[in-house]
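In what follows, a single structure is set out as structure tokens and then discussed.
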Amino acid sequence: MNQSLQKTNTADLSMAIAKNKMAGYSMFEMTVVALIVLVFGLIAVRVSPSLIEYKTISQAVNRAALQPSANDVMRSFDAIAIIDNITTITSQDLIIDPVGDKMVVKFDYRKEISMAGPVSLVIHFSGRSK
């Protein structure tokens, strides 16, 4: 009978330990997740101005491409670049091809973004008018 009682107590003790075991994340796991979120947040904060600038350049190229000649496209882009504060490329960097009665304007540039210390991210942007 004593052995039966001991087995019952052991089984009860095992169940009590299993019930009391805490569920959830450990401090180490939370730190790793926070670090990953921090790294992706840093990248997003550093890259987003370049993406906004790319969108602004694309819009400027589309507006400038409405002009009838290559010189007018360049002048129009320069004026738009001054208004929109585009400093990454100039009208000299544009590739302007007349196609039929339209001007097709292409651009291509690289942007180097310093991340931390010697680590940089290089993004190659290119686009063309619609």
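The values are calculated or read from the model by the stated rules, or taken from the named source; none is laboratory data. Worth saying up front: this structure is predicted, and the values here are computed from it rather than measured. Note: ideal-geometry Cβ built from the backbone for every residue, glycine included; neighbour counts use all protein chains shown.
For (1) among the β-branched types (V, I, T); (2) under 23 Å from H124 (Cβ atoms), each residue gets a yes or a no:
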residue: V61; (1), (2): yes, yes
residue: A64; (1), (2): no, yes
residue: Q67; (1), (2): no, no
residue: D72; (1), (2): no, no
residue: A79; (1), (2): no, no
residue: I83; (1), (2): yes, no
residue: S91; (1), (2): no, yes
residue: D97; (1), (2): no, yes
Within segment 75-100, restricting to residues that are more than 17 Å from R128 (Cβ to Cβ) and of a type in the set (D, E), the one that is surrounded by the most Cβ atoms within 10 Å (Cβ to Cβ) is D78
Restricting segment 101-115 to residues that are exposed (fewer than 13 other Cβ atoms within 10 Å of the Cβ) and under 16 Å from the mean Cα position of the chain (by Cα), the residue that is nearest to N62 (Cα to Cα):
R110
For K130, only one of the following conditions fails: (1) touching a helix residue (DSSP H, G or I) at 6+ places or on another chain (Cβ under 6 Å); (2) surrounded by 14 or more Cβ atoms within 10 Å (Cβ to Cβ); (3) of a type in the set (D, E, K, R); (4) in contact (Cβ under 8 Å) with a residue 60 or more places away in the chain. What is its number?
(2)
Can you spot a residue in segment 89-98 that is at negative phi and touching a residue at least 40 places away in the same chain (Cβ under 8 Å)?
no
Right, V33: over 21 Å from E112 (Cβ atoms), over 27 Å from the mean Cα position of the chain (by Cα), surrounded by 11 or more Cβ atoms within 10 Å (Cβ to Cβ) and of a type in the set (V, I, T) or not?
no
Being charged (D, E, K, R), in a strand (DSSP E or B) and closer than 30 Å to A44 by Cα is the filter here, so list the residues in segment 68-119 that pass it.
K106, D108, R110, K111, E112
Taking the conditions exactly as written (outside any loop (DSSP other than H, G, I, E, B), modelled with pLDDT under 95 and in contact with an Asp or Glu (Cβ under 8 Å, 6 or more places away or on another chain)), does L42 satisfy them or not?
no
